[in-house]
1. State which residue pairs qualify: first residue touching a residue at least 60 places away in the same chain (Cβ under 8 Å) and inside the stretch 274-298, second residue surrounded by 10 or more Cβ atoms within 10 Å (Cβ to Cβ) and assigned to a helix (DSSP H, G or I) in any location, beta carbons under 9 Å apart, and separation of 6 or more residues or different chains.
2. Hey, does the stretch 267-279 have a residue that's charged (D, E, K, R), at pLDDT below 90 and not assigned by TED's automatic domain parsing to the domain that holds Thr422?
3. Within the stretch 102-154, track down each residue that is touching a helix residue (DSSP H, G or I) at 6+ places or on another chain (Cβ under 7 Å), closer than 22 Å to Lys339 by Cβ and β-branched (Val, Ile, Thr).
4. Just to check your reading of the model, which residue among Ala328, Ala359 is farther than 30 Å from Ser163 by Cβ, buried (at least 19 other Cβ atoms within 10 Å of the Cβ), within 15 Å of the chain's Cα centre (by Cα) and not assigned by TED's automatic domain parsing to the domain that holds Thr105?
5. Take residues that are modelled with pLDDT of 85 or more, of a type in the set (Val, Ile, Thr) and farther than 17 Å from Ser165 by Cβ and tell me which of the strands (runs of 3 or more DSSP E) falling wholly in the stretch 81-152 contain 1 or more.
6. Give me the residue from the stretch 374-388 that is in contact (Cβ under 8 Å) with a residue 24 or more places away in the chain and assigned to a loop (DSSP other than H, G, I, E, B) and, out of that set, farthest from Ala436 (Cα to Cα).
7. Where residues in the stretch 29-71 are free of Cβ contacts under 8 Å to residues at least 12 places away in the same chain and in a helix (DSSP H, G or I), which of them is surrounded by the most Cβ atoms within 10 Å (Cβ to Cβ)?
8. List the residue pairs whose Cβ atoms are under 7 Å apart, where the first residue sits in the stretch 302-323 and is within 23 Å of Ser79 (Cα to Cα), the second is at pLDDT 90 or above and of a type outside the set (Asp, Glu), and the two are 6 or more positions apart or on different chains.
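The values are calculated or read from the model by the stated rules, or taken from the named source; none is laboratory data. Since we're looking at a predicted model, the values are computed, not measured. Here the Cβ positions follow ideal geometry from the backbone for every residue, glycine too, while neighbour counts run over all protein chains shown.
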Amino acid sequence: MAAHVEVVSTDLRRVKVKVVPSTYLVDVLNEACKKLNVKSDKYELKHKQKLVDLTGPFRTSGLVSGAKLELVQKSKSASVVSIALDVNGQRYVKKLPSDMTLWQTLRQFETSEKGLDLTGRGVPVGQSTGQLYHEAPVINIMGREYSALEDLQKTLSQCGINSGSMVLRLSFKLTEKTLFDAMSDISQFLKDVEPERQKPEVKEEAKPIPVAEKSQAQTESTEVVAKTEEPVLPTTTEEPVSTPAAQPNTAVDLMDIDEPAAVESTPLDKLQPTGVFSAPSASTPVAATIKDDDEDFEPTTAHAQLRQQQLAQRAQNTRLKSDAELAAIAAEEAAKLAKVTKVEIRVRFPDGSSAVWTATLEDTGAWLYEAIRGIMLHPEQPFRLALSGLKTHIEDNNKKLIGGYKLQGRVLLNLLWEDSVTPATRKEPFLKSSVADKAKAIPIPEVPKGTEYDEGSSAAAGPSKSTNTKGSSSNSLDPDAMKKKLSKFLGLGKKK
């Protein structure tokens, strides 16, 4: 008698699904949902109150014939899973939402890892023509292979990956299609299957680059395919033209800083800072020299009301966030970080001077250390970079500044000398003379005066401030009147 499992839906309907030792449990879910006439991407299976791993076959699941599985609904928000992509023994790890397709997963690794080509590989076939033929990606998940374009459009959840971590083993198989024909088919397929996803994906600045008919042009063609969201079609036999030199031109255009950059022109070398600021001339901070009126710090009735609201909110019982809510928050943060393409980094030096750089997705901690040493008076002296207000340090390695350290917006780093640096070196200027000559003083912004939002305070500031008549007693600063108002506000009056 063939083995089977019994699946019980939320409305207590039961269906039997025949299985063999090699049947994957994700196929059991799909078959049960098909019989129950529900969508499989909205449900998962439980056995004895524990979620069933859908990625493995029946023989490794620990289930026996006749086991009862519960069909439960998934969370509406996508969960975050840790995906490790194994490519020829080299492993790359990223946290991705479970509703991302396998094709999108490959594209995510391509955009985050420089020089990694997974979806547009081509190899030369033949000695005379040097024609490039397409190598299609093949993803292996727990022994099951996904290679067709239709299979690669399945989400991680549809492949049984809903939580935890999973290793995707990637290999490639040589097809009979040329790279030109394969890229055309892939482009047309993506437009037909996911037309709504084509708009947000056309964000990259790379332009189509013609591919030469020589085998050594493979590197340039694959780099272009890895950078663009849509496949690049080789059109002519002209020599490839490299585009990275145009990237630094956009560094200053996308900046949005409070202080104007000291160096107005765009640097030709990306290691050069986009702005240099000199150290303050006075030992006393400028903020300490600004005189404020004592009236600006006097609390008003609106402040007291706001404080009462805060105390009332803290007195209410609040529940802890569920795993689904925490996963949704993590997915939202990951999606927000994925949209970050540039970060403005300001480094403050020990002598009070500072410089500004614009980092992109490819820039690492080693790049920032190299850029700082290029403007130092003593580049041989050791130092470290610390995030302002945190104990995190930027290391001198290949860890990405945006993807690795999760830097966003504008970031302030403090440069700290190592203990081995001599006191004489610490007293000298930090910047080279050629860089210090271009530095400008940091402009002091004017602090706008705050506006009163209390109804009574605006009236009290008027002419009635000096009067004490009956008609104006409500808006005057008479001590007795203020005590009565405060008692009434706090509910301290006599109850009748």
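1. Val276/Val435; Val276/Ala436; Ser278/Ala436; Pro280/Val286
2. yes
3. Residue satisfying the conditions is Thr119 alone.
4. The match here is Ala359.
5. In the stretch 81-152, the matching strands (runs of 3 or more DSSP E) lie at 131-141.
6. The residue in question is Ser388.
7. Asn30
8. Here the result reads none, with nothing in the stretch 302-323 linked to a residue that is at pLDDT 90 or above and of a type outside the set (Asp, Glu).
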